[in-house]
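Input: a single structure, listed below in structure tokens.
The values are calculated or read from the model by the stated rules, or taken from the named source; none is laboratory data. Nothing here was measured: the structure is a model prediction, and the numbers come from that model. Using ideal geometry, Cβ is built from the backbone for each residue, glycine included, and neighbour counts are taken over all protein chains shown. What goes into the accessible areas is simple: the full protein's heavy atoms, side chains included, and nothing from ligands, DNA or RNA. Shrake-Rupley method; radii C 1.70, N 1.55, O 1.52, S 1.80 Å.
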Amino acid sequence: MKNRTLWFFFALVLLAVPAAAQIDDQTRQLSHDIFKQLIEINTSDSVGNVTTASEAMYQRFRDAGFPESDLYIGGPNDRKKNLVVRYHGSGAHKPVLLIGHLDVVEARRADWTTDPFQFVEKDGYFYGRGTQDMKDGDAVMVSTLLRFKKEGYVPDRDIILALTADEEGGTSNGVDWLIKNKRDLIEAEFVLNHDGGGVLMEHGKPVMMEVDASEKLYADFQLTATNPGGHSSLPVPDNAIYHLANGLLRISQYEFPFELNDITRAYYERMSKVATGQRAADMKAILKNPPDKTAIARLSEDPIDHSTMRTTCVATRLNAGHANNALPQMAQANVNCRIFPGHTPEQIRQELGKIIADPKVSITYVGAAGGNPNRVGYTPPPLRPDVFQPIDKITAEMWPGIPVVPSMSTGASDGIYTNAAGLPTYCVSGEAIDRDDIRAHGKDERIKQESFYRAVDFYYRYLKLVTSE
């Protein structure tokens, strides 16, 4: 009896522990080398070159036996060329398009502990700009197709991979350019975007597999205060910096209204069954009509929940004054907003004006993915069984017991272009990141080595299920 009890106890423990990555040494080395190569190519907008990264991956596909006719490199200028790869299948179904951006956010060496454009391996992590966003995903997708090619795998549909420019900024977004100029190369039944989703961890424990089926709108606004200026020895209350600073303070103290849509409501309904204690109770309470305001406030203390439940706006850059001994003639700030679906950038611009309530501060819309100040976020695509059932299966095998949850990305991705073009898009990834270690766009960006290799394993298995009868 004791032996049976002991066996049962260990069985429960094993079920709670994620399975180790099931990849051989050759695959591990291949994915590592591709990841390292991409990280060490600077693809930032200011001084980097996306074309260099595209050409490096092009050569890997050529070396693996992909014919030139199945590879395309092109874009609007010499620094922003995109790579499109076609892996042929049986043609039983329309193609699936995989997308990932090669560009990265700016990174200053002085801010980092390590060189952001060197692939540093230490303490069980890979460090470098793009290790979370999203050269990890690019390496995963490239290595997956190279493995398929080596095995001679024949999928039931063509698999198209597009590695692109300027998702993070710049003026040459690769997905938008391909849709407008080379639509035939990327025409597909649906899109798998590696720039989102994945396993959310809490203190090293897997909590859920997220699949982003919706996302917020990105919008930048420039706040400007002007003044005649003068000599700093004769200060006056009417100061451009003070006007701007007071306006930014009001924004920092303002909470946009609580909102849910079909995707975020489903997210909290599912998560309330997995969470425990006060958190579970709060999730159930915000789903009531009317929602519980105290529960909203408690959940809002978490940055992810806070952003999931509303539009957010935050100051990200400042520029003011022209001399240390002169009163400022101008002060400017960039305010970045992530807009809950259903609202336009213009509506948020007007709301910012009400929040600031100072005629001395002008507010100008300066850009967003999609470019149109009257654009509304896209309607979430249907939750396709051929996308979600394979995720359910592989997740149950690799992270037993965690739910697969459709979610809304609090950021923005190239899915805004593909969805708008009639290509239903889902963010799918097998990377597990702890909610306290989300470093995308930040200092000392990193990913756990084992998390990366498990993502390689997940995607290979997942894409095979998606592309087989």
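Computed values, structure above
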{"item": "Per-region count, the stretch 248-281, residues in a helix (DSSP H, G or I), open to solvent by 80 Å² or more (accessible area, probe 1.4 Å) and of a type outside the set (A, V, I, L, M)", "result": "7"}
{"item": "Matching residues, the stretch 376-408, being of a type in the set (Ser, Thr, Tyr) and surrounded by fewer than 21 Cβ atoms within 10 Å (Cβ to Cβ)", "result": "TYR378, THR379"}
{"item": "Flag for ALA240 being touching a helix residue (DSSP H, G or I) at 6+ places or on another chain (Cβ under 8 Å) and in contact (Cβ under 8 Å) with a residue 24 or more places away in the chain", "result": "no"}
{"item": "The stretch 156-171, subset modelled with pLDDT of 95 or more and out of contact with any strand residue (DSSP E or B) (no Cβ under 7 Å at 6 or more places or on another chain), residue surrounded by the most Cβ atoms within 10 Å (Cβ to Cβ)", "result": "ASP166"}
{"item": "ALA188 vs. criteria more than 26 Å from LYS448 (Cα to Cα) and part of a helix (DSSP H, G or I)", "result": "no"}
{"item": "From the options PRO400, PRO385, PRO390, residue that is touching a Leu at 6+ places or on another chain (Cβ under 6 Å), closer than 20 Å to SER468 by Cα and modelled with pLDDT of 90 or more", "result": "PRO390"}
{"item": "Selection within the stretch 189-207 - in contact with a Leu (Cβ under 6 Å, 6 or more places away or on another chain) and at pLDDT 95 or above", "result": "VAL191, LEU192"}
{"item": "Filter pass, GLY74 being touching a residue at least 40 places away in the same chain (Cβ under 8 Å), over 21 Å from the mean Cα position of the chain (by Cα) and within 18 Å of PRO155 (Cβ to Cβ)", "result": "no"}
{"item": "Matching residues in the stretch 409-463 - criterion: being surrounded by 19 or more Cβ atoms within 10 Å (Cβ to Cβ), of a type in the set (A, V, I, L, M) and over 17 Å from the mean Cα position of the chain (by Cα)", "result": "LEU423, VAL456, LEU463"}
{"item": "Filter result (of a type in the set (D, E, K, R), assigned to a helix (DSSP H, G or I) and surrounded by 15 or more Cβ atoms within 10 Å (Cβ to Cβ)) within the stretch 333-349", "result": "ARG349"}
{"item": "Candidate set: the stretch 97-114, residues that are touching a residue at least 12 places away in the same chain (Cβ under 8 Å) and open to solvent by 10 Å² or more (accessible area, probe 1.4 Å); chosen: the one nearest to ARG28 (Cα to Cα)", "result": "THR114"}
{"item": "Test: residue in the stretch 51-71 that is closer than 20 Å to GLY170 by Cα, part of a loop (DSSP other than H, G, I, E, B), of a type in the set (Ser, Thr, Tyr) and open to solvent by 40 Å² or more (accessible area, probe 1.4 Å)", "result": "no"}
{"item": "Subset tally (residues that are in contact with a Leu (Cβ under 7 Å, 6 or more places away or on another chain), under 20 Å from GLY411 (Cα atoms) and open to solvent by 30 Å² or more (accessible area, probe 1.4 Å)) for the stretch 208-247", "result": "1"}
{"item": "Of the criteria (1) among the aromatic types (Phe, Trp, Tyr); (2) assigned to a strand (DSSP E or B); (3) closer than 25 Å to THR52 by Cα, which one TRP177 fails", "result": "(2)"}
{"item": "Pair list, Cβ < 7 Å and 6+ apart or interchain, from the stretch 373-388 residues that are over 16 Å from ARG349 (Cβ atoms) to residues that are open to solvent by 40 Å² or more (accessible area, probe 1.4 Å) and part of a helix (DSSP H, G or I)", "result": "TYR378/ALA420; PRO380/ASP262"}
{"item": "Lone unmet requirement of (1) under 30 Å from THR316 (Cβ atoms); (2) open to solvent by less than 20 Å² (accessible area, probe 1.4 Å); (3) at pLDDT 95 or above; (4) not hydroxyl-bearing (Ser, Thr, Tyr) for ILE186", "result": "(1)"}
{"item": "Selection count where residues are open to solvent by 30 Å² or more (accessible area, probe 1.4 Å) and either in contact (Cβ under 8 Å) with a residue 60 or more places away in the chain or of a type in the set (Phe, Trp, Tyr) (or both), scope the stretch 119-146", "result": "3"}
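Conditions tested, residue by residue: (1) over 26 Å from GLY367 (Cα atoms); (2) without any contact (Cβ under 8 Å) to a residue 24 or more places away in the chain; (3) not in a strand (DSSP E or B).
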| site | (1), (2), (3) |
| --- | --- |
| LYS284 | yes, yes, yes |
| LYS288 | yes, yes, yes |
| HIS306 | no, yes, yes |
| CYS313 | no, no, no |
| ARG317 | no, yes, no |
| ALA331 | no, no, no |
